[in-house]
Amino acid sequence: MNCRFDSLPLDALFVDLGFSPPSNSYLKKEQLNELEAYYPLRLYVSDRTFLVQIDEHKSAHEIFSEEYAYFSSYSNTWLKHAEAYVAMVVDRFKIDPSWQVVELASNDGYLLQYFKERKVPVLGIDPSQSVATIAAEKGIETRVQFFGFELADNLVAEGKVADLLIGNNVLAHVPDLNDFVSGMKRLLS
């Protein structure tokens, strides 16, 4: 496998956790007697970038599909953390309705809803329709796409730039790390 940052070969095995089914790939009742796919869960580390990474056995498009099962709002403690985080950053950076807040991998709007309550314009970006539908029901504009430079460039052309750009637990999941980060740079005001 090659490093997701510099594309050079990776040889240093960091930890081998055996085999596992993909996360959040729950079986339906009628699937219980069928074979379940398991993939190697081996983490490698780059001796150049120190980036710890897993080989991609299932594409991000397969994982973050229309049936993606993880909804951030299921966790009350995570919601309390999100609400406290919003209160802290609003106070710290003096965020007001003139700002644009964008969250990458915004899931079901668990975080952006608290900015919206404060009348701060928000935009969520998430590749999974299942969670984006719930965000839209909360009145949170959400683009159902993978984020990268092209989407960022399109948003900037539409006049949407981020005064605050948030991404929680997302870099480990993006298909193209360099495209994602260059998109972040492009989208920031």
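Examine region 82-102 for a residue that is β-branched (Val, Ile, Thr), touching a Gly at 6+ places or on another chain (Cβ under 9 Å) and farther than 30 Å from Ile54 by Cα, and state whether such a residue exists. Lay out the reasoning, then the answer.
Of all residues in region 82-102, those β-branched (Val, Ile, Thr) come to 86, 89-90, 95, 101-102.
Retained after the next criterion (residues that are touching a Gly at 6+ places or on another chain (Cβ under 9 Å)): 102.
When the remaining residues are screened for being farther than 30 Å from Ile54 by Cα, the result is none.
So far as region 82-102 goes, no, none of its residues is β-branched (Val, Ile, Thr), touching a Gly at 6+ places or on another chain (Cβ under 9 Å) and farther than 30 Å from Ile54 by Cα.
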Exception for Val170 within (1) closer than 24 Å to Trp78 by Cβ; (2) at pLDDT 95 or above; (3) among the β-branched types (Val, Ile, Thr) falls at (2)
Taking the criterion of being assigned by TED's automatic domain parsing to the domain that holds Leu104 and closer than 28 Å to Ser23 by Cβ, would at least one residue in region 151-158 satisfy it?
yes
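Just the residues that are under 26 Å from Thr49 (Cβ atoms) and over 24 Å from the mean Cα position of the chain (by Cα), please, taken from region 16-30. Before you say what the answer is, go through the steps one by one.
First, the residues of region 16-30 that are under 26 Å from Thr49 (Cβ atoms): 16-18, 20, 22-23.
Across region 16-30, the qualifying residues are Asp16, Gly18.
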Can you give me the number of residues within region 38-58 that are part of a loop (DSSP other than H, G, I, E, B) and surrounded by 12 or more Cβ atoms within 10 Å (Cβ to Cβ)?
8
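The values are calculated or read from the model by the stated rules, or taken from the named source; none is laboratory data. The structure displayed is predicted, hence computed values, not measured ones. All Cβ positions, even for glycine, are placed from backbone atoms using ideal geometry, and neighbour counts span all protein chains on display.
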